[in-house]
Amino acid sequence: MPDALIVGATGLIGRAVIEHFGSRPVTVLARREVEGLAAQHKPLVAPSERWPDMIAAEKPAVLISCLGTTIRQAGSQAAFRAVDHDLVLSAARGAKACGTAHMIAVSSVGAAAKSGNFYLRTKGETEDDLRALGFDRLDLIRPGLLRGDRPGPQRLGEGIATIAAPLTDALLHGSFRRYRSISGATVAAAIVALAERGGSGVHIHENDAIRALAD
């Protein structure tokens, strides 16, 4: 397993990624202490403005970004973009500056820079800006509705969608399969599998591809 560093470790996918690393070491960079890390994992705690320098100093072979919030959580569109675009790019630039060859970033199904939806447009712009940095290999993970235990109170809309997911998923076929729900644990397993891969290019992974990687 190449040396890996993860940002966004306190969310649903980030916590699951750490679990899936198991006994393999990973560096965890966060704004606050991440509880429950195993002895083999290396914790780094710092304000986000220091992340690029800290990432550059660590020189990871792989940068994993599980950063993500919602407009409701962030409080405004500007605050949302500060995390889902600006902070992701800031971490990526720190990694690129020290020669990191491989980045894995969690995005969203439907991400597109020309989308009329602010959330999906921001995700798409982030993807495009990551491509422009020129990593040897860039893996973009595009899950649909995420299932799993999130930290903090569950949002009403998410709760209803999760309950309805089995029925909704059964109705999504063909090109719409990519919108099916998926567990955070499955996404995490796919990310850890990708962290072990070499190769080059930009690779987009949606529902079926994520599940195949996790198996």
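Taking the Kirkwood radius as Rh and the Cα radius of gyration as Rg, the chain has a ratio of Rg/Rh equal to 0.94. Overall, the stretch 24-124 carries a charge dipole of about 260 debye about its Cα centre when +1 sits on the Cβ of Lys and Arg and -1 on the Cβ of Asp and Glu, all other atoms neutral.
Database remark: amide H of I64 closer than 5 angstrom to the amide H of L5, I6, V7, I104 (H placed geometrically; neighbours at sequence offset of 5 or more, or on other chains; Pro and chain starts carry no H).
Annotation: amide H of R147 within the under-5 Å range of I182, S183, G184, sequence separation 5 or more or interchain, hydrogens built in the peptide plane. Computed 3J(HN,Hα) for the stretch 188-201, one whole-Hz value per residue from the Karplus formula 6.51 cos²θ - 1.76 cosθ + 1.60 where θ = phi - 60°, is 4, 4, 5, 4, 5, 5, 5, 4, 8, 8, x, x, 9, x, glycine and proline marked x.
GNM on the chain, alpha-carbon springs under 10 angstrom: the most fluctuating residue among E35, E49, E196 is E35. Placing +1 on the Cβ of each Lys and Arg and -1 on the Cβ of each Asp and Glu in the chain, which of H41, P60, G75 has its Cα farthest towards the positive end of the resulting dipole? The Cα lying farthest towards the positive end belongs to G75.
The length gained by stretching the chain between A212 and S200 to full extension, at 0.36 nm per residue less their Cα-Cα distance, is 2.4 nm.
Highest GNM mean-square fluctuation among P60, P43, P143, for the chain modelled with Cα contacts below 10 Å: P43. Comparing S108, S200, S183 in a Gaussian network model of the chain where C-alpha atoms under 10 Å apart are linked, the largest mean-square fluctuation is found at S200. Considering only A30, L120, G8, and ranking their Cα positions along the charge dipole of the chain that arises from unit charges at the beta-carbon of Lys, Arg, Asp and Glu, the one farthest toward the positive end is L120. Counting only protein heavy atoms and a probe of 1.4 Å, the accessible surface of the chain is 53% carbon and sulfur.
Would the stretch 64-106 count as rounded, prolate or oblate if I go by the C-alpha gyration tensor, calling it rounded below 1.5 in a/c and otherwise prolate when a/b exceeds b/c, oblate otherwise?
Taking the square roots of the gyration eigenvalues as a ≥ b ≥ c, the stretch 64-106 is prolate.
If only the Cβ of Lys and Arg carry +1 and only the Cβ of Asp and Glu carry -1, the dipole of the chain around its Cα centre is close to 280 debye.
The values are calculated or read from the model by the stated rules, or taken from the named source; none is laboratory data. What you see is a predicted model, and the numbers here were worked out from it, not measured in a lab. Because the Cβ atoms are built from the backbone with ideal geometry, glycine has one as well, and the counts that use them run over all protein chains shown. Ligands, DNA and RNA are excluded from the accessible area calculation, which covers all protein heavy atoms including side chains. Shrake-Rupley method; radii C 1.70, N 1.55, O 1.52, S 1.80 Å.
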